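Encoded as structure tokens, the structure appears first; notes follow it.
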Amino acid sequence: MKRLLLASLMGTTIALGTQAMASDADLKSLEQAARKEGAVNSVGMPDSWANWKDTWVDLNKLYGLKHVDTDMSSAQEIAKFAAEKDNATADIGDVGAAFGPIAVQQGVTQPYKPSTWAQIPDWAKDADGHWMLAYTGSIAFIVNKQLVKEAPKSWADLKQGKYKIAIGDVSAAAQAVNGVLAASIANGGNEKNIQPGLDFFAEIAKQGRLSLSNPTIQTLEKGEVEVGIVWDFNGLSYRDQIDPSRFEVLIPSDGSVISGYTTIINKYAKNPNAAKLAREYILSDAGQINLAKGNARPIRAEHLTLPAEVKAKLLPNEQYAKVQPIKDAKAWEETSKALPQLWQEHVIIEME
């Protein structure tokens, strides 16, 4: 086993390089440095999303790290890192997979490879450790059964319905962006050709059925969303928190996309060691099980034994038969950048 390289970055910051697993001594040094910082401030990692709450509680209990989160979209997180620079108020964020490379290109991240690095698939991580998926999600429907009597089982059903459809902010949110890709895949498109997805939502908009509500726990609870397009883990969490009998969550049978979310550590972080220790914990068995409790499929799922009660909360495997991962990451990166403008030109323009 290669020795892990230890370097000093930004004063006391410890950087763990190479793909070898960290020794106990290396992790102890990181823990000591994080304890001195005493806090880790996040963006886009609220308690209700993917059960981040349990991880923040654990980090406080185990390492004495105080925590504050400011919820925001992937694009907003990157913009915040870039705008604040040395006046950073955030140490770590959680962004959609397509936004990881964008954050690196904008020069606002710093690398850290956790000790479980080797168990993270190559497709799900940056070679230098700037980003790596901690959990995956598949685009699903969440249906308010009190408002929609016959739940749509597919995108084709969705097109034929009378209810309104909420997808959220395609200009900023990874969930919404992947929702467009999922609709595109189900209608013959792909990462390079998003037009079928744009055409699908343009038709929904022409019918007067595109809702501008963001499908969140608040809007769902208030009855403002009839059918929402969400990550499966969000839909399942919202259902369980509001009323399991009131909502149905399902993967569209004619196609969907599986992607995920990655932590990014702010290049200018005031608490860089605490941020790295947080990532270390998130990718550990305990941190991965925390995510699974929030209905998010851990990236290291094949290396974990999930508690039976956690497995029981997830959707059955057969619902994922037509789900596919991003096959051309480079093409999707380019499409993701262009999508907000395309959405305005092809979909929003059709709204009355």
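The values are calculated or read from the model by the stated rules, or taken from the named source; none is laboratory data. Please read all numbers here as calculations on a predicted model, not as lab measurements. Using ideal geometry, Cβ is built from the backbone for each residue, glycine included, and neighbour counts are taken over all protein chains shown. All accessible areas refer to the heavy atoms of the entire protein, side chains included, with ligands and DNA or RNA removed. Shrake-Rupley method; radii C 1.70, N 1.55, O 1.52, S 1.80 Å.
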Exercise. Accessible area per residue of the chain at 1.4 Å probe, in Å²?
Worked result: 43 Å²
Problem set entry | P(r) tail fraction, the stretch 67-113 - alpha-carbon pairs more than 13 Å apart, % | 54 percent
Exercise. How much accessible surface does residue 303 have with a 1.4 Å probe, in Å² rounded to 10?
Worked result: 100 Å²
For this session: Past 28 Å, Cα to Cα, is the threshold; run 28/311; 36/311; 28/53; 80/125 against it and keep the listed order.
Result: 28/311; 36/311
Problem set entry | Cβ-defined net charge surrounding residue 94, 11 Å radius [Lys, Arg +1; Asp, Glu -1] | -2
Seminar exercise, completed: A 1.4 Å probe over the protein heavy atoms gives the chain a carbon and sulfur accessible-area percentage of 50 percent
Exercise. Excluding residue 27 itself, what net charge comes from residues whose Cβ is under 11 Å from its Cβ, given Lys and Arg +1 and Asp and Glu -1?
Worked result: -2
Problem set entry | Solvent-accessible area of residue 153 with every protein chain in place, 1.4 Å probe, in Å² to the nearest 10 | 100 Å²
For this session: Give the value in nm², to one decimal: projected area of the alpha carbon convex hull of the stretch 259-352, averaged over all directions.
Result: 10.2 nm²
Exercise. If you stretched the chain out fully between residue 62 and residue 320, how much longer would it get, using 0.36 nm times the residue separation minus the C-alpha to C-alpha distance?
Worked result: 89.2 nm
Exercise. How big is the gap, in Å, between the Cα center of the stretch 157-235 and the Cα center of the stretch 94-108?
Worked result: 23 Å
Exercise. For the stretch 183-235, what D do you get in µm² per second when you plug the Kirkwood radius from alpha-carbon pairs into Stokes-Einstein at 4 °C and 1.567 mPa s?
Worked result: 104 µm²/s
Exercise. Taking one equal scatterer on every alpha-carbon of the stretch 158-298, how large is log10 of I(q)/I(0) by Debye at q = 0.08, 0.12, 0.13, 0.20 1/Å?
Worked result: -0.27, -0.59, -0.68, -1.24
Exercise. In the chain, what % of DSSP beta bridges are antiparallel (nearest 5)?
Worked result: 65 percent
For this session: Please work out the Cα center distance from the stretch 329-352 to the stretch 26-55, rounded to the nearest Å.
Result: 34 Å
Problem set entry | the chain, helix-only ellipticity at 222 nm - DSSP H runs n ≥ 4, -39,500 (n - 2.57), divided by all residues, nearest 500 | -11500 deg cm²/dmol
